[in-house]
Structures are given as structure tokens and as C-alpha cells.
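This report refers to the structure that appears directly beneath it.
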Amino acid sequence: MNVAQLQHEIQTFAASIGIDKIGFTTAAPFVKLKDRLKQQQRLNYQSGFEEPDIEKRTEPLLLLDQAESIIAIAVAYPSKMSDSPRGKKGERRGMFCRASWGEDYHTVLRDKLAQLELFILTKVPDARLRSMVDTGELVDRAVAERAGIGWSAKNCSIITPEFGSYVYLGEMITNLPFAPDEPMEDQCLDCNLCLDACPTGALVQPGQLDAQRCIAFLTQTKKPVPEEFRHKIGNRLYGCDTCQTVCPKNKGMNHKHQLSFTPEPELVKPLLLSLLSLSNRQFKEQYGHMSGSWRGKNPIQRNALIALAHFKDESAIPELTRLIKEDPRPMIRGTAAWALGEIGTTEVQEVLKECLVIEEDEFVVSEIKQALEQLHIN
């Protein structure tokens, strides 16, 4: 087997199936990363969505016997939307982040990696391969950085010269000894725009994220959003793009060639009130193909309530009243109570007083009382 020739053929084939960047690195341990992850654990900066075993996250040989190399891939996604619908009074809209536009990127990248695996196996039938996208053990960004896909930026994204940070990442561990690519020089230099713009201060220092404060995490958690962050979320339904949109390296970046990620305007900027009445089945039918649906409808509907409060949308009062009185989910009733308090009309005060008498859940009772205090009602 001529490994150099195979490596060149893999690069050519990858481009033919829509992989925008491909890089190669060794399967050596990620030693510096291991230290950073241990620090993240000590500081409780992790989101809880990660693989908990740091050894598995940093030791490719634990994931594939006789691992020799890792192939990293990047696929670009758009940053702008044509025909973006505009919200207005009485018809307020929420927003899914760009990484949730179009088809779920896990599905798209897994398919491309599967095609790449099949191609390699036709050349080397006894090759051993293991691919992963986002939910695997390895840290996608660390692999991409070492494989020369881009540099690891201060906002914890990988930035590529060609596509900015608007890229999805995946990787494949192999037992083939491919020649490694050179890592890229850090090009953030003295720019700190992402750190300064982060709405919650989640970027505690360059390259270090406190996920517990990150809006992208907060919009996905299934628990009530801590009150200190609710006003920061605004009308975000899933994810946050702030640290990407302020980045100078992303200026003018809008690559639309990956048709799978073309946004559907009414889905990625939906009417907030219409979201609140969706059943599980309706939510799955409408949003199930998007990566932003992976946590189910409950966090999205909670975020829609926060967004309605952000807009102080009085037209939402009837629906919020229905939810606080009838919805079986304490998180939704409690968030509806908070939203009613933020909207703050005489009608709202009467609804909250009425619900306080009949509500039994401790969390909801607390939210109702705080909402009444917000309205200066004792």
C-alpha cells in the first residue's frame, strides 16, 4: 500500500462528496488538552453533555486499537438567510442559531464520513476505522486544530481562513500511518471582541468557556433558566451566535453551497406564540430534522416564554394565562408566571393572584410570588 498515494486519493474523494476541508494528524495523546479538561472539571465549567471520561477524550488508542492517525473534516454552513421574516408587535419571533439551520449536521457529516470510510475500505479492505461527529469521545476542535483545519480561537471555535468559524467538524480514527498536516498559527492576535461581546461573560478568558453561563448551553438545559440569565437570552430559542457574529474573521463569510444547511425561514425564525401550542408529535414533525430539536420541545417552549417576556408582548397574555393554569409541566408554568410578571399589566396581576391560591408546586409558587413582587403587589 502506498500511503502517500492513498492520502492524496482520500483528499480528492473528500472534495468530490462535499467535504470542504480535510486534514490529517497522528493518534498521539492530546496531552495539553487533558490538563485543560481536568481544570474545566475542577472549576465546574463543563456543560454535562460531554463524554465524562477525560482519558477517552484525549487518548485515541483507547477508542481504536493500533490507532495511527486521525482524519479531520470540516463542512461549511451559511451565516445569512434570504427572505428572513420580520417580527412585529403581536407577531414576535424567536431565533435558532445558525448551527441549527437546515438538516441536522450530525446526519450530514456522518453520511460523508460513512462514504469516506467505504472509499478507504475499497482501497484497504482490512483498514480499521472509527468515525464520530460532535457526540463522540474525542474533542472535535482539538483534532481539527492539530490536523491544520484551522486555529483554536479565543471564542473556543475553530476558525478557518476559507470559511471563518462557520464550519461543522468531524473526525475518523484510523490504523493507517498518514502523514500529519501542520497546525495553523493562531491569528486572533490581540483581538478580544468575542470576550467583550459575550452576553453572560461565559468566555472567562481566551480559549476558556464556562459552559454553565453560556447561552448556547442555557437554551438547551431542561431545567428552569436561572433568573440572572433570562434577560440575556433575549429571543434566542436555541444556541447563541454572538461570539461568531462579532468576529472579524467571519466578516463577509456566507457560504451557501451546502444545500443541506439552507435555512427554512419560518422554522429558524418561528412565531413564538405558535410554538407554545405544539404537541410532541407536531414539534417532531416540524423540527425533528434540525439539530436544535435534540432536547425536545420543552426547552424550546420555555425559551419562547422568555422571549415573549423580552418583547413584553401583551398579546401573549391569554396564552400565558392558559399555560400557567393548565400546563402539567412546572417549568412551563413557572416560566409563564415570570413572563407575565415581566409583561406587567393589571390583568396579569389578577391572574397571578388567582394562580397563587391554587398552585402546589414549590418552584411555580416561588416564581408567582417573585412576579407579584416585580409588580409591587404584596
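The values are calculated or read from the model by the stated rules, or taken from the named source; none is laboratory data. Everything numeric in this text was worked out from a predicted model, so none of it was measured. Ideal geometry is used to build each Cβ from the backbone, glycine not excepted, and the neighbour counts take in all protein chains shown.
A few notes on this one:
- Cβ-Cβ contacts under 9 Å between residues 6 or more apart (or on different chains), taken from a first residue in the stretch 346-369 that is of a type in the set (A, V, I, L, M) to a second residue that is in a loop (DSSP other than H, G, I, E, B), are listed as Val348/Leu375; Leu352/Leu375; Leu352/Ile377; Val365/Glu359; Ile368/Glu359.
- Selection within the stretch 205-264: residues that are out of contact with any helix residue (DSSP H, G or I) (no Cβ under 9 Å at 6 or more places or on another chain) and among the polar types (S, T, N, Q). The member of this set that is nearest to Asn303 (Cα to Cα) is Thr262.
- Residue-level analysis places Met253 outside the set of residues that are without any contact (Cβ under 8 Å) to a residue 60 or more places away in the chain and within 23 Å of Leu109 (Cβ to Cβ).
- If only residues of the stretch 100-144 that are among the small types (Gly, Ala, Ser) and part of a loop (DSSP other than H, G, I, E, B) are counted, the one that is farthest from Tyr168 (Cα to Cα) is Ala127.
- One residue stands out among those in the stretch 209-238 that are of a type in the set (Phe, Trp, Tyr) and part of a helix (DSSP H, G or I): the one that is farthest from the chain's Cα centre (by Cα), which is Phe229.
- Taking the stretch 181-194 as the range and being surrounded by fewer than 19 Cβ atoms within 10 Å (Cβ to Cβ) and touching a residue at least 24 places away in the same chain (Cβ under 8 Å) as the test, the residues that pass are Asp181, Glu182, Pro183, Glu185, Asp186, Gln187, Cys191, Asn192, Leu193.
- Taken over the stretch 246-273, the criterion of being surrounded by fewer than 14 Cβ atoms within 10 Å (Cβ to Cβ) and closer than 30 Å to Lys89 by Cα is satisfied by Glu266 alone.
- Within the stretch 327-365, restricting attention to residues that are of a type in the set (S, T, N, Q) and surrounded by 14 or more Cβ atoms within 10 Å (Cβ to Cβ), the residue that is modelled with the highest pLDDT is Thr335.
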